[in-house]
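Every read-out reported here was derived from the displayed coordinates using simple, explicitly stated rules and does not represent laboratory data. Quantities reported herein were computed from a predicted structural model and do not represent experimental measurements. Note that each Cβ is placed from the backbone with ideal geometry, even for glycine, and that neighbours are counted across all protein chains shown.
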Amino acid sequence: MRKLIPFLIVLTTLSIQLSSGMNYVIFPLKLQEQGHSNTLIGLAMSFEILATILLFKHISIIVKRLGVIQTIIGASIMRSIVIYSLGFNDHYILWLLGIFIYGLSTSMLLVVIQTWLNLTSAGKLKGLFIGLYSSSLSLGIALGPIVLQFVSEEWLQFLVNAIFPLLTVLILINIFKYKPKIEASNTIRIKFIFRHSKIVMLSALVGGVCFFGLPSFLTIYGIDNGLTPSESSLLLTMFMIGSVCIGVVISSLSAFIERIVLLLVCIFLSVVCSVFLALAVFSDLKIALALLLIWGGCMGGVYATGLGFIGEIFRKEDQISANTSFILMDSLGGFMGLFIIGSTMDIFGSEGLTYTIVIIFTLFLFFITNHLASRVDLFK
């Protein structure tokens, strides 16, 4: 049974993210249906991330005091209740509160599961398990919009979505007795973690802009450019499928190719894809989907490479700090991305999404190149 633990953790992550993938579609569309602007939609969706940003110092303490089992069960039930209740909510303030609680429970689950995986997987297969974990993060989100294609009624979409968080408990219930002992201090050593993995943390920040900003606005982006809701949801699906299929390959190449080279190539290709997406979405949907496939693969590779890196260099007692810091930086990027993309889309139309991605990624490329020119060890 111990040998199955990494695979069950990957399956659990898939279930969590499948629910998130559905939320990235039904939450913005529900808010839009209630007459809220893209800026307000972006603000509401950012509250999922705000929970992680404001409470990241307390997450490790909560996990340490509650324990692995209690954290997984409690967070899963809380997440399920919030998702279902939002389906009947028409008050914007309650949307903010609900998404905040939903984001907190999601972060707690991912920190525990991610740390569990890093502590139990070892040897030559560790890279494979990390790659599968990263792929499950994206595959779950990619499958979310597909599941919605088979559930037409809005209230039923929220009900089905509320069931998936409970699957987390059912999947892991047979391995609870093998739970790891989480060693964590009462503080998150974010300065220490950042000092020893600057580029990894910054890549998580930039990746958060894509993995949070794009899912929340790609459906609206497609509709604004003349696509049907069904076609628009495929934009998100292809981005996540690319992260699954191509991302694993890219992360595997990190064992043979210098990390900085992979990172530079992935970020550069992401800029190219974002620029040409604005043109392709008007002319040929297939080309647009292909660009999103490549873009998603690049970002999946960046995420998996960074996650594997922090799993290797930090001690067991620093794993909670490292994984929480990684998720924090990812969340910070997502928070900024959601607000900026929503605001720029209100000001410039759908092109605002492209402007945001190009500017942020170009700045990051400049930062990496500047460090590369000074011949600094970029990953330490």
Given q = 0.08, 0.13, 0.15 Å⁻¹, what are the Debye log10 I(q)/I(0) values for the stretch 2-373, with equal point scatterers placed on the Cα positions and solvent ignored?
-> -0.35, -1.00, -1.37
Once label points are set 7 Å from the Cα along Cα→Cβ at both Q34 and F366, what is their separation, rounded to one decimal in nm?
-> 3.9 nm
Linear extension gain, L66 paired with L166, 0.36 nm per residue minus alpha-carbon span = 34.2 nm
Efficiency of FRET between I53 and Q149 - r from beta-carbon atoms, R0 51 angstrom, step 0.05 | 0.95
Cysteines in the chain that, by Cβ-Cβ distance, have no pairing candidate under 4.7 Å | C210, C245, C273
Highest-first arrangement of 148-155, 323-330, where packing means the average Cβ count within 10 Å | 323-330, 148-155
Rounded to one decimal in nm, the spacing of the 7 Å Cα→Cβ label points at I359 and V249 is 3.4 nm
Take every Cα pair under 8 Å in the chain that's 6+ residues apart, average their separations, divide by the length, and report that relative contact order as a whole percent.
-> 27 percent
List every DSSP H helix in the chain whose Cα atoms extend 24 Å or more along the helix's own long axis and whose mean Kyte-Doolittle hydropathy is at least 0.0.
-> 5-33, 38-66, 68-86, 92-120, 126-148, 154-172, 229-253, 259-283, 285-313, 319-348, 351-373
Which residue, S37, S243, S321, has the most motion in a Gaussian network model of the chain that connects Cα atoms within less than 10 Å?
-> S37
Can you tell me which of 45-52, 95-102 comes out highest on packing, and rank the rest after it, using the mean Cβ neighbours within 10 Å?
-> 45-52, 95-102
Choose one answer from K198, K286, K64: the residue with the largest mean-square fluctuation in a GNM of the chain with alpha-carbon springs under 10 Å.
-> K286
